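First comes the structure, then the notes that go with it.
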Amino acid sequence: MKHTISILVENHAGVLARIAGLFARRAFNIDSLAVGMTSDPSISRITIVADGDEHTAQQLEKQLNKLVDTMKVRNLAPEELLSRELQFIKVHASPAQRSEILTICEIMGGKIADMSVDALTIEVSGTTEQLEKMHELLKGYGIKEVVRTGVIAIQKGSAVMK
């Protein structure tokens with residue numbers, strides 16, 4: 001089962017290494033990782049998506065809470081979170097194919113970030129499923145390169161992690 005874990009940490013060197021080490025020691029593979037400052041520059045939010053059983057996720061949450069630089073840990077249930085990723089897809093695009101690719105972009109909420117003689121770079125953000133669908137739709141045109149961020153997530157409603 002996929003787990004989305006949101007962690008507030010003090011913004012210090014080495015914090016991410018300690019957290020990644022904890023995951024490695026538990027043999028818990030990280031599928032996605034995103035780190036960014038919060039409204040307070042001394043605090044960062046780390047969002048990790050990992051696959052594992054419920055027991056291991058609970059143990060990780062307990063171990064993360066024990067780390068000195070950790071301020072708050074929250075395992076977000078799928079029904080209580082909003083999540084997005086960003087993806088750039090560079091695709092082969094002959095002049096004859098451009099209108100088809102532009103139509104796909106428009107329907108899927110993407111936009112052209114760069115254009116050259118024989119390629120288009122498309123920017124799209126959305127859920128993991130939406131990005132996978134966009135990738136599938138563009139595969140037939142000849143994908144040259146894909147770059148993708150990690151998942152960022154926030155809890156729905158008025159609740160705030162502090």
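The values are calculated or read from the model by the stated rules, or taken from the named source; none is laboratory data. Bear in mind the structure is a predicted one, so any value in this text is a computation, not a measurement. FYI the Cβ positions are ideal-geometry reconstructions off the backbone, even for glycines, and counts take in every protein chain you see. The protein model used for the area step is the full one, side chains on, heavy atoms only, and it has no ligands, DNA or RNA in it. Shrake-Rupley method; radii C 1.70, N 1.55, O 1.52, S 1.80 Å.
On the stretch given as segment 5-61, residues that are over 18 Å from Pro78 (Cβ atoms), charged (D, E, K, R) and not in a strand (DSSP E or B) total 4.
Between Glu123, Glu129, the distinction of being assigned to a strand (DSSP E or B), within 17 Å of the chain's Cα centre (by Cα) and among the acidic types (Asp, Glu) belongs to Glu123 only. When Pro95 is tested against (1) more than 18 Å from Leu8 (Cα to Cα); (2) not in a loop (DSSP other than H, G, I, E, B), just one condition goes unmet, and that condition is (2). Pairing residues of segment 89-108 that are without any contact (Cβ under 8 Å) to a residue 24 or more places away in the chain with residues that are open to solvent by 70 Å² or more (accessible area, probe 1.4 Å), at Cβ distances under 7 Å and at least 6 apart in sequence or on separate chains, gives Cys105/Lys111. Residues in segment 70-98 that are among the hydroxyl-bearing types (Ser, Thr, Tyr) and surrounded by 16 or more Cβ atoms within 10 Å (Cβ to Cβ) were compared, and the one that is nearest to the chain's Cα centre (by Cα) is Ser83. For segment 138-159, the set of residues classified as open to solvent by less than 100 Å² (accessible area, probe 1.4 Å) and assigned to a loop (DSSP other than H, G, I, E, B) consists of Gly140, Tyr141, Gly142, Thr149, Gly150, Val151, Lys156, Gly157, Ala159, listed by residue number. Close Cβ contacts (under 9 Å, 6 or more residues apart or on different chains) running from residues in segment 2-15 that are surrounded by fewer than 22 Cβ atoms within 10 Å (Cβ to Cβ) to residues that are among the basic types (Lys, Arg) and not in a strand (DSSP E or B) comprise Leu8/Lys162.
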